[in-house]
Amino acid sequence: MQVLRVTGGARLDGAVDVVGAKNSVLKLMAAALLAPGDTTLGNLPAISDVTIMRQLLEGMGCAVTESTVGATDRVTISAPEHLQYEAPYELVRKIRGSICVLGPLIARTGRAKVALPGGDAIGTRPLDMHFAGLERMGTEISIQHGFVVAEARELRGASIWLDFPSVGATENIMTAAVLAKGTTVIDNAAREPEIVDLCRMLVAMGAQIDGIGTSTLEITGVDGLSGTTHDAVPDRIVAGTWAMAAVATRGDITVRGAVADHLRIALDKVAQAGGEVEVLADGFRVAQADRPRSFDVVTLPYPGLATDLQPQAIAALSVADGTAMITENLFEARFMFCDEISRMGADVRTDGHHAVVRGRERLSGAPVRATDIRAGVGLVIAGLVAEGVTEVAEIHHIDRGYVRFEEQLRGLGADVERVESSTFGP
Ligand code: EPZ
């Protein structure tokens, strides 16, 4: 099995580039289904999730052409007049985010048949708010043989209140509402920068959306949309990962191509740890001279601290001076990561939505498994501050969200390589 073999000890030093956000790009690609003709997306990350999303769109009859512009990819999605409305299981099971084709398919064809993605390592991940919102707009939804089967003779605007500001539910309801008859109001909508990015692209396609960036979105349906050209918003989670890596390794990293404003709470945590934060025109710099100080973490929807930075923060806190309390408010099983980092000697105790991390001088290298994308990079960061060698297995998770992660780490002075390992067998 391929693993990342990390030899601990290096202080990361240098600059890295951040490109478009996985959690926006997948939705932008799905939204291209809303308009027959060409939509071109730029600033794309070369990650496996984008490749799978491309295959999904091709399965629906789109032609997708790719080109590379500098360090980023660009795709042109040509959506046909008549779309296939089925999203097969073998692709959907690989990336749950692909459920985001549901809204655009219903809006364009009045129908959708999308495999139910099921849960994953971080939680059960129900879709009840997606369904409730689409049903209020006149869609009939049923689960048949592992598929979400949806039909809408006429999509109508509706007032929808979300029990929780779900990113996915906001996106699916919004992409349905842009072609619905009348006005849809989504109250308690998600406000993530990725939502704003999607809103901006939809408006460029001809959609009418008010309240962008707020928790109340008002979408007035139009008769048709047209293709556009759009560059994806930078990946704040990748940028935040580098910030936590700098803190953990007492390093000095300049993160280019990022938006510091999208990471206010995370960078504030860096300052609490004793790190120096410098906001730059094209990103930010984090320099951690001494052993980090502990800080508490509470994960919340945006603008709160992203749950997708929780494992990276725990990795930094595992070698910090002091004790930290972690509260995970989004995904009930996201502490699975703690079982793995404990194998490296981290002092982490979990109880339901809470974890307590008592910092240690150093961790010790060990063979560990990535259970999801963020847990994977969290374990690599832990390996960087451990004595000896750490082998991180199941690295396909990391490739889903990080572009050439180990190369970028080596560029910062880390000793990390992708190798075949006997520890984990074939
Ligand atoms: C998106 O997931 C991201 N994924 C996640 O990133 C991210 O952690 C999450 O938003 C929160 O920021 C993508 O964009 C592909 P939610 P999503 O709907 O849309 C509950 C990563 O590592 N909920 O905002 O699935 C849900 O169970 C991934 O890149 C319902 O109960 O998240 C969770 O507790 C991991 N019913 C909470 O809401 C619903 O119908 C937030 O989920 C929908 C959600």
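For Pro126, neighbours were defined as the other residues whose beta-carbon sits under 14 Å from its Cβ, and their charges (Lys and Arg +1, Asp and Glu -1) total -2.
In order along segment 349-360, the Karplus-derived 3J(HN,Hα) couplings, from 6.51 cos²θ - 1.76 cosθ + 1.60 at θ = phi - 60°, round to 10, 10, 8, x, 8, 10, 9, 10, 10, 9, x, 10 Hz, and Gly and Pro are given as x.
Let me check I've understood the local charge: for Glu86, count other residues with C-beta under 14 angstrom from its C-beta, Lys and Arg +1, Asp and Glu -1. What total comes out? Walk me through the intermediate numbers first.
Details: positive: Arg108, Arg111, Lys113; negative: Glu58, Glu90, Glu151.
Neighbourhood net charge equals 0.
Which whole number of Å³ per residue matches the convex hull of the alpha-carbon atoms in segment 78-148? Provide the component values of the computation, followed by the final result.
Working: hull volume 6.8 nm³, N = 71.
So the per-residue Cα hull volume is 96 Å³.
In the full protein context, the chain carries 37 Å² of accessible surface per residue, based on a 1.4 Å probe and ignoring ligands, DNA and RNA. Summarising the amide proton neighbourhood of Arg369: residues at separation of 5 or more, or on other chains, whose placed amide H is nearer than 5 Å comprise Ala393.
Once Rh for segment 338-401 is found with the Kirkwood sum over Cα pairs, what is the Stokes-Einstein diffusion coefficient at 4 °C and 1.567 mPa s, in µm²/s? It diffuses with D of about 109 µm²/s by this estimate. Each pair of Cα atoms in segment 81-227 enters the Kirkwood radius, and Stokes-Einstein at 4 °C and 1.567 mPa s then converts it into a translational diffusion coefficient of 86 µm²/s.
Applying 0.36 nm per residue to the separation of Leu300 and Gln2 and subtracting their alpha-carbon distance, the gain on full extension is 103.9 nm.
Anisotropy class assigned to segment 142-266 is prolate, per the alpha carbon gyration tensor with a/c at or over the 1.5 cut-off and a/b larger than b/c.
In segment 21-120, inverting the average of 1/r over every pair of distinct C-alpha atoms gives 13.4 Å as the Kirkwood radius. Look at the Cα gyration tensor of segment 246-348: its axes a ≥ b ≥ c give a/c of at least 1.5 with a/b at or below b/c, and that counts as oblate.
Contact order for the chain, expressed relative to its length and based on alpha carbon pairs under 8 Å spaced 6+ residues apart, stands at 21 percent.
Expressed as a whole percent, the accessible surface of segment 81-227 that belongs to carbon and sulfur atoms is 46, based on a 1.4 Å probe.
In terms of packing, defined here as the mean over residues of other Cβ atoms within 10 angstrom, the peptides 347-355, 203-211 line up highest first as 203-211, 347-355.
For the chain, dividing the convex hull volume of the Cα atoms by the residue count gives 125 Å³ per residue. Take every pair of alpha-carbon atoms less than 8 Å apart whose residues are at least six positions apart; their mean separation over the length of segment 81-227 yields a relative contact order of 20 percent.
Restricting the calculation to Cα atoms, segment 167-236 shows an Rg/Rh of 0.94 when the hydrodynamic-style radius is the Kirkwood one. Taking the helices alone, the chain has a mean residue ellipticity at 222 nm of -8500 deg cm²/dmol, built from -39,500 (n - 2.57) per DSSP H run of at least 4 residues and averaged over all its residues.
Treating r as the C-beta distance of Asp415 and Arg358 and R0 as 41 Å, the FRET efficiency rounds to 0.90. In terms of Cα atoms, the Rg and Dmax of segment 309-426 work out to 13.7, 40 Å.
The values are calculated or read from the model by the stated rules, or taken from the named source; none is laboratory data. All of these numbers come straight from a predicted model, not from anything done at the bench. Cβ coordinates were reconstructed from backbone atoms using ideal geometry, including for glycine residues, and neighbour counts include every protein chain displayed. We work out accessible area using only protein heavy atoms, side chains counted, and drop any ligands, DNA or RNA first. Shrake-Rupley method; radii C 1.70, N 1.55, O 1.52, S 1.80 Å.
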